[in-house]
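The values are calculated or read from the model by the stated rules, or taken from the named source; none is laboratory data. Everything numeric in this text was worked out from a predicted model, so none of it was measured. Counting neighbours? That spans all protein chains shown, and the Cβs are built from the backbone with ideal geometry, glycine included.
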Amino acid sequence: MKRVGGVYSVLGIQNRWQGELFVAGSLEQLIPRDHILRRVDSVLDLSWLRDAVADCYCTNNGRPSIDPEAAMRLMIAGFLNGIVHDRRLMREAQVNIAIRWFAGYSLQDELPDHSSLSRLRQRWGGQRFLELFERSVQHCIDAGLVAGDLIHVDATLVRADVSLDSLVKRHAQEVIEKNDSEGVLLPGQPVRVGHMKCVSRTDPDCGMATSRRGHFSEPTYKTHIAADSKARVIVDISVTSGDRNEGNELVNQIDRITCRNGRPPGIVTADAGYAYGKVYGSLESRSIEPLIPVKAEPKPGKVIPLRRFKYDEANQIVRCPEGKRLRRSTKAWHGWYYKSSSTDCKACLRRAECLSPRVNRRTIVISDGYAALLRARRRQQRWYQRENKIYERHRSYIEGINAEAKRWHGMSRAVRRGLSEMAIQAYLTAAVINLKRLAA
């Protein structure tokens, strides 16, 4: 016994033997009121799930399955806590009373095996998890968390669950269409060696990409995220291979957002990775203001640059700096070729500035949406405080959401292999982030 601060205290002893057979009260009483699972439970509605997955089960044969809502709640609880691997999730659920309560299991109930969750995902398919995400968006809209006027868009790479040792080279045309459809090429027949591309033998759906200049490419997937500016609710998410250009996905994202909100957004922000003429043109055609910084023009080379040529969008003609007309020639995958007349170029006084000695006429490519790109370049020169403030918010908002998904909800690496499995992981991650916003 020792006197401390005027009060005598006795060295305490905690009896670690806990042989109680019963717990007085329910598990809910043991969960703190501010616990994330308790707050999410108050806004989560999975009453639609049983009917949505009914076609995946037999009505009169087989063993009783896991309750679909309990299985979905287990997966949601895992992603909320950053536990994305089924084996680790079920080990945690054995001792975590909050997860047991959230999924509807008592202390005496036997939890399902981790492999059951994997089989359920394969049986249900990605459509059910997409519906979970879409319903989370709709609940946020109903709660007034989505304004729909300002949308921030970005893409981020997610490392695929493969080893670098699994990478092989894929020959162009799949080794000349598998030796000319098994006919085998004749002796002496020339074989064209085309573009070589790295692919993974264990996960051919991923693509080689890198987010840092000068850094080696890795097998990755790319998640395309669109978030509303009001409460940082994710209003759209999709997954592609890592080597797909994000500009090709933006228009599809905007169309899906318009369908969910009932109207197109007023402003869309994105980084310079989306600064393509076709993107500006598509947003303009939908009466959407694009706040996307234009890429810097290439440094002047040995010939007159493209920006010195005047493009007439209405008549689809191009005039060179000397006023001579270039006519549309052939279609390229990203635009049209325009060619000048060799007669005009032969008599031109600026021929040495415009052509190399080995060609007799100038050929340029006008990309799709080139006129919209020129307008975006002129608009950016007139960006004022409003535009700069909105774009600063874009960088903090969308990059913060990507960091939140990777750091707290397991999106730093793909958990399973295949594009469909990666899409399910993205839908679950986006859904739990929206549920957090809704519960707050």
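For Ala77, state whether it is hydrophobic (A, V, I, L, M, F, W, C) and either modelled with pLDDT of 95 or more or touching a strand residue (DSSP E or B) at 6+ places or on another chain (Cβ under 7 Å) (or both).
yes
Do any strands (runs of 3 or more DSSP E) lying entirely in the range 217-277 carry at least 1 residues that are within 16 Å of the chain's Cα centre (by Cα) and surrounded by fewer than 20 Cβ atoms within 10 Å (Cβ to Cβ), and which ones are they?
234-241
Condition test on Arg88, is it in contact (Cβ under 8 Å) with a residue 24 or more places away in the chain and either in the same structural domain as His394 (by TED's automatic domain parsing) or basic (Lys, Arg) (or both)?
no
Pick out, from the range 348-426, the helices (runs of 4 or more DSSP H) lying fully within it that include 3 or more residues that are under 30 Å from Phe79 (Cα atoms).
385-408
Hey, Ala423 hits all of (1) crowded, with 16+ Cβ neighbours inside 10 Å; (2) under 21 Å from Ile83 (Cβ atoms); (3) more than 15 Å from the chain's Cα centre (by Cα) but one; which does it fall short on?
Condition (3) is where Ala423 drops out.
Within the range 360-382, restricting attention to residues that are surrounded by 12 or more Cβ atoms within 10 Å (Cβ to Cβ) and out of contact with any strand residue (DSSP E or B) (no Cβ under 8 Å at 6 or more places or on another chain), which residue is nearest to Gly335 (Cα to Cα)?
Filtering the range 360-382 for residues that are surrounded by 12 or more Cβ atoms within 10 Å (Cβ to Cβ) and out of contact with any strand residue (DSSP E or B) (no Cβ under 8 Å at 6 or more places or on another chain), the one nearest to Gly335 (Cα to Cα) comes out as Gly369.
Please go through the range 104-118 and pick out each residue that is part of a loop (DSSP other than H, G, I, E, B) and in contact with an Asp or Glu (Cβ under 8 Å, 6 or more places away or on another chain).
Answer for the range 104-118, where residues must be part of a loop (DSSP other than H, G, I, E, B) and in contact with an Asp or Glu (Cβ under 8 Å, 6 or more places away or on another chain): just Gly104.
Could you list, ordered by first residue, the pairs with Cβ atoms under 7 Å in which the first is in the range 55-70 and under 14 Å from Leu120 (Cα atoms) and in the same structural domain as Ile99 (by TED's automatic domain parsing) and the second is among the polar types (S, T, N, Q) and in a loop (DSSP other than H, G, I, E, B), at least 6 apart or interchain?
Matching pairs, first to second residue: Tyr57/Ser65.
Testing Ser341 on (1) within 20 Å of Gly277 (Cα to Cα); (2) surrounded by 12 or more Cβ atoms within 10 Å (Cβ to Cβ); (3) of a type in the set (Ser, Thr, Tyr), one condition comes back false. Which one is that?
(1) is the only condition that Ser341 fails.
Can you tell me which of (1) under 30 Å from Val146 (Cα atoms); (2) buried (at least 17 other Cβ atoms within 10 Å of the Cβ); (3) out of contact with any Asp or Glu (no Cβ under 9 Å at 6 or more places or on another chain); (4) at pLDDT below 95 is the one His394 doesn't meet?
(3)
If the requirement is being more than 29 Å from the chain's Cα centre (by Cα) and aliphatic (A, V, I, L, M), which of these qualifies: Ile141, Ile66, Ile76, Ile83?
Only one candidate qualifies: Ile66.
Would you mention how many residues in the range 237-263 are farther than 29 Å from Ala296 by Cα and either touching a Phe, Trp or Tyr at 6+ places or on another chain (Cβ under 9 Å) or touching a residue at least 12 places away in the same chain (Cβ under 8 Å) (or both)?
6
Checking Leu120 against (1) surrounded by fewer than 16 Cβ atoms within 10 Å (Cβ to Cβ); (2) closer than 22 Å to Val415 by Cα; (3) without any contact (Cβ under 8 Å) to a residue 60 or more places away in the chain: exactly one of these is not met. Which one?
(1)
If you go through the range 71-79 one residue at a time, do you hit one that is among the β-branched types (Val, Ile, Thr) and part of a loop (DSSP other than H, G, I, E, B)?
Within the range 71-79 (the criterion being among the β-branched types (Val, Ile, Thr) and part of a loop (DSSP other than H, G, I, E, B)), the answer is no, since none of the residues qualifies.
Take Met90 and decide whether it is aliphatic (A, V, I, L, M), surrounded by 14 or more Cβ atoms within 10 Å (Cβ to Cβ) and more than 24 Å from the chain's Cα centre (by Cα).
Considered against the rule, which asks whether it is aliphatic (A, V, I, L, M), surrounded by 14 or more Cβ atoms within 10 Å (Cβ to Cβ) and more than 24 Å from the chain's Cα centre (by Cα), Met90 comes out as yes.
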